[in-house]
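Rule-based calculations on the coordinates, nothing more; no lab input. Here the structure is a predicted model, which means the values were calculated and not measured. In this analysis, Cβ positions are derived from the backbone assuming ideal geometry, glycine residues included, and neighbour counts consider all displayed protein chains.
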Amino acid sequence: MTTVRISELARHDGASVTLRGWVSHTRSSGKIAFIVLRDGTGYLQCVLSKRDVPADLWERFATLTLETSVTVTGAVRAEPRAPGGYEMHLTDLTVIGPSPDFPIQPKEHGTQYLFEHRHLWLRSRRQVAIARVRHEIVQAIRDFFHQRDFVLVDTPILTGSIGEQAGELFSTDYFDLGKAYLAQTGQLYVEAAAAALGKVYCFGPTFRAEKSKTRRHLTEFWMVEPEVAFNDSSDNMRLQEEFVSYLVARALECRGEELKELERDTAPLALVTPPFHRISYTDAVARLNALGSDIQWGNDLGGDDETLLTKQYDRPVFVYNYPKGVKAFYMKENPDDPRTVLNNDCLAPEGYGEIIGGSQREDDHDRLLARIREQGLDPEAYRWYLDLRKYGTFVHSGFGLGVERTVAWICGLPHIRETIAFPRQIHRLYP
Ligand code: NSS
């Protein structure tokens, strides 16, 4: 007997095959019984007729509970009314592992309870759909950069130089060398690699000991960070809009089923094409004030400001040239207005807000050193980074896109914690 997966059933129409999976639903009229099985590739309705099967097989059906693992054998038949378009008429059924009192039942469970049972909750339809969309986006990220001749450079997770905010570091003892920090970004390292290879990117987990308990923050998240030699801030924004549009188009093209399962209205996603809207920070503050926000020039945009601003636009918007005071030391000063830097955030529409932070980098050795000192960082830890400005300095820029925020937006989820299998938050380390 051929063993197949549910996604392959179309090739076996009319044949008798074997399948392995978990019970996601059962019902019986007393004469006919139905089992909905899932195997990770899809869902399949299995049918059992009391009249046609041996008595022991019929009795075994009665022992099936939610998430029992089973092997089933039967004839595959096209059935337009069945989910997936096929049905299996069972001739055999074996229980592999029973599942008494599965903790997640088809009823309302609180969020807290579900996250405590995340290891089991992952099996639910919505969570499977989210995992597949995430997978597609991650694959699309790699494809986008590969097709454009970027070289992947893996950057260290244990680092000595602080990449973003000193206040949000996880640290650990590192032999005789003092403290090592878990990377907040791979950026400083891809800047070095850009001088070697021209167009590079890193893609991995990053860590921030953020005290923020918002729907947009995790303490461990995945970030992709391209860095391009000789790109200025405008080139950088053009790359971002092409990239984000590519990711959205790919999800729409390849994960329509999953987005439907998630009840995502895809109409706003279909609008995501270049060019995105562009507004300077200074104009954004004026706009926000007019909309009722009390943000003052010099403050960073808060979550509510981002939500308010993105609701004014039908596609993503770049907010560029923020005040120097709220941004990282490595951003290049704006020659036309030295109070600001040549950076941008990319805000996703429908209230989602920031998914990308990017900038042109300070390429002047002395200015960069001054910024490092101003921020109270130890110049010694950045000697290697300053070297990049001593030996063949070059205009360069790059950005970081947060995978979880992007997945939340594309899936239409209210919170980013469901976009990663095992989210890490201030109050969550298990499972
Ligand atoms: O801090 S960023 O704005 N920018 C950087 O880390 C730069 N070093 C990137 C670069 O230019 N190479 O973070 C970038 C993105 C941000 O827009 C979010 O989408 C995401 O990373 N991000 C987060 N996602 C989830 N949780 C947290 N805490 C978080 N922090 C940033």
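Considering only Asn299, His12, Phe394, and ranking their Cα positions along the charge dipole of the chain that arises from unit charges at the beta-carbon of Lys, Arg, Asp and Glu, the one farthest toward the positive end is His12. For the chain, the relative contact order comes to 13 percent (Cα pairs under 8 Å, sequence separation of at least 6). For the chain, the longest principal axis of the alpha carbon atoms and the long axis of helix 125-147 meet at an angle near 50°. Cα centroids of segment 123-174 and segment 269-340: how far apart, whole angstrom? The distance from the Cα centre of segment 123-174 to that of segment 269-340 comes to 25 Å. Whole-Hz Karplus values for segment 415-423 come out as 9, 7, 5, 8, 8, 10, 4, 10, x Hz, taken residue by residue from phi with 6.51 cos²θ - 1.76 cosθ + 1.60 and θ = phi - 60°; glycine and proline positions read x.
Simple rule: put +1 on each Lys or Arg Cβ and -1 on each Asp or Glu Cβ in segment 9-153, find the dipole, and look at Trp22, Pro100, Ala82; the Cα lying farthest toward the positive end is Ala82.
Looking at segment 237-387, send over the antiparallel percent of its DSSP beta bridges, to the nearest 5.
Numbers: 13 of 17 bridges.
The antiparallel fraction comes to roughly 75 percent.
Working from the pairwise distances between different alpha carbons, so that the mean of 1/r is found and then inverted, what is segment 96-142's Kirkwood radius in Å?
On the way: mean 1/r = 0.0801 Å⁻¹.
One decimal place: 12.5 Å for the Kirkwood radius.
Taking every alpha-carbon pair under 8 Å whose residues sit at least 6 apart, segment 159-245 reaches a relative contact order of 25 percent. In a simple Cβ point-charge model (Lys, Arg +1; Asp, Glu -1; nothing else charged), segment 183-298 has a dipole of about 280 debye relative to its Cα centre. Normalised by the number of residues in segment 1-153, the average gap of Cα pairs under 8 Å and 6 or more apart makes the relative contact order 19 percent.
Taking θ = phi - 60°, what integer Hz values does the Karplus form 6.51 cos²θ - 1.76 cosθ + 1.60 yield along segment 192-209, in sequence order, with x for Gly and Pro? Ordered by residue, 3J(HN,Hα) equals 5, 5, 5, 6, 8, 10, x, 10, 9, 8, 10, 8, x, x, 10, 10, 9, 7 Hz. With coordinates expressed along the principal axes, the C-alpha atoms belonging to segment 1-146 extend over 56, 37, 27 Å, beginning with the largest.
Need one word for segment 164-258: rounded, prolate or oblate. Basis is the Cα gyration tensor (sqrt eigenvalues a ≥ b ≥ c); a/c below 1.5 gives rounded, then a/b vs b/c decides.
Numbers: a/c = 2.36, a/b = 1.33, b/c = 1.78.
Since a/c reaches 1.5 but b/c is at least a/b, the shape of segment 164-258 is classed as oblate.
Ranked for footprinting exposure by Cβ neighbours inside 10 Å, fewest first, Arg208, Arg77 give Arg77, Arg208.
Could you tally up the Lys pairs in the chain with alpha carbons closer than 19 Å? Skip any pair fewer than 8 positions apart unless they're on separate chains.
On the way: Lys31/Lys50; Lys211/Lys327; Lys324/Lys332; Lys332/Lys390.
For the chain, qualifying lysine pairs total 4.
In terms of surrounding Cβ atoms within a 10 Å radius of their Cβ, Thr273, Thr206 rank from fewest to most as Thr273, Thr206. With neighbour counts taken as other beta-carbon atoms within 10 Å, the residues Trp121, Trp297 rank, fewest first, as Trp297, Trp121.
Rounded to the nearest 10 degrees, the angle from helix 281-290 to the longest Cα principal axis of the chain is 70 degrees. Gain on full extension, evaluated as 0.36 nm per residue between Arg339 and Ala62 minus their Cα-Cα distance, stands at 92.5 nm.
Let me spell out the model: positive unit charges on the Cβ of Lys and Arg, negative unit charges on the Cβ of Asp and Glu, origin at the Cα centre of the chain. What dipole size does that give, in debye rounded to 20? Kindly include the intermediate steps, with their values, before the conclusion.
Numbers: 51 positive and 59 negative charges, 256 e Å.
With Lys and Arg at +1 and Asp and Glu at -1, about 1240 debye.
Under the shape rule built on the C-alpha gyration tensor, where the axes satisfy a ≥ b ≥ c, segment 230-327 is oblate, since a/c reaches at least 1.5 while a/b does not exceed b/c. Rounded to the nearest 20, the size of the Cβ-charge dipole of segment 7-158 about its Cα centre is 340 debye, with Lys and Arg at +1 and Asp and Glu at -1. Oblate is the label for segment 59-116. Its Cα gyration tensor axes, ordered a ≥ b ≥ c, give a/c of at least 1.5 and b/c at or above a/b.
When the charge dipole of the chain is built from unit charges on Cβ atoms (+1 for Lys and Arg, -1 for Asp and Glu) and taken about the Cα centre, the candidate among Leu377, Phe145, Asn236 whose Cα reaches farthest toward its positive end is Phe145.
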